[in-house]
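What follows is one structure encoded as structure tokens, with my remarks underneath.
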Amino acid sequence: MLRRVLIFCFSLVGLSWGPSTPASAAPDSTVAAPDTAVFNPFDQWAPPPSTQNSPPPAQPARPPDNGPANTPALFPAHAFVVSRYLSLHAELRLLSMADAGMDDAERRNVVSLTKAMGNVHPYYVVADLNHDGKMDFAVLLYDATNREYPGTVAIFNGPFDPQRLRDPVLVDSGYKLRGWCIWLDREAGPRLGEGIANSKDYGWYIWKHGKYQHEFAAVGQE
């Protein structure tokens, strides 16, 4: 009698610990999930490190500069922000080197200066310009409403969030184009330099008291 009870108990245990669904009902792990990925230019712009001495956040590859006019090709997140801003300001567009009317010597001066300073393009600088540990950028624009001095500087402060797109924190117009460029002065700040290549006509945009302020270089100051 005891043997029959034990056999009956073991059969109940087998029922309670056995598979709750038939094997045929298990999901097929070999079936791939549908591809719903959408390109997001902000994906690789992760929050930057909290310390100033840490390396900047990873950036997606920058495409080549655009065509013979040579406008700067912006990093995807920057292009997204700039295109949105330009769509609201029909008088503005990206400045191209063809706009400046430079001869070959002037173009070489611009390119050699900005390459020596580490620019990705004479009209485009990427750096932590306001010293908060987040990557910012500056780009040069063409203002069609000012035929004599159409050069315009626009500075955008990071981080760049697609849910909270920001206008530039500074838009400064009224620059002549011939030989004009921007660069990063790494030894002081860093700060954004602007001016005519191989001349004493230059200055800086410096972050002070919560905004960018322009200061001209003193004559003879390097």
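The values are calculated or read from the model by the stated rules, or taken from the named source; none is laboratory data. Nothing here was measured: the structure is a model prediction, and the numbers come from that model. Here Cβ is always computed from backbone atoms with ideal geometry, including for glycine, and neighbour counts include all displayed protein chains.
Figures for the structure shown
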| read-out | value |
| --- | --- |
| Residue identified as of a type in the set (A, V, I, L, M, F, W, C) and over 26 Å from Gly101 (Cβ atoms) among Val125, Val120, Val169 | Val169 |
| Glu215 within 24 Å of Val81 (Cα to Cα), modelled with pLDDT of 90 or more and not polar (S, T, N, Q) | no |
| Condition check for Val120: under 24 Å from Glu91 (Cα atoms) and β-branched (Val, Ile, Thr) | no |
| The stretch 149-173, residues that are modelled with pLDDT of 95 or more and exposed (fewer than 14 other Cβ atoms within 10 Å of the Cβ) | Tyr149 |
| Close pairs (9 angstrom Cβ cut-off, 6 or more residues apart or separate chains): in contact (Cβ under 8 Å) with a residue 24 or more places away in the chain in the stretch 79-94, part of a helix (DSSP H, G or I) anywhere | Leu92/Tyr85; Leu92/Leu86; Arg93/Leu86; Leu94/Val82; Leu94/Leu86 |
| Tally of residues being in a loop (DSSP other than H, G, I, E, B), buried (at least 18 other Cβ atoms within 10 Å of the Cβ), of a type outside the set (A, V, I, L, M) and more than 18 Å from the chain's Cα centre (by Cα) across the stretch 77-135 | 1 |
| Matching residues in the stretch 160-208 - criterion: being of a type in the set (A, V, I, L, M) and in contact with a strand residue (DSSP E or B) (Cβ under 9 Å, 6 or more places away or on another chain) | Val169, Leu170, Val171, Leu177, Ile182, Leu184, Ala188, Leu192, Ile196, Ala197, Ile206 |
| Hey, Tyr142 in contact with a helix residue (DSSP H, G or I) (Cβ under 7 Å, 6 or more places away or on another chain) and within 23 Å of Asn70 (Cα to Cα) or not | yes |
| Every residue from the stretch 136-177 that is without any contact (Cβ under 8 Å) to a residue 12 or more places away in the chain and more than 20 Å from the chain's Cα centre (by Cα) | Arg147 |
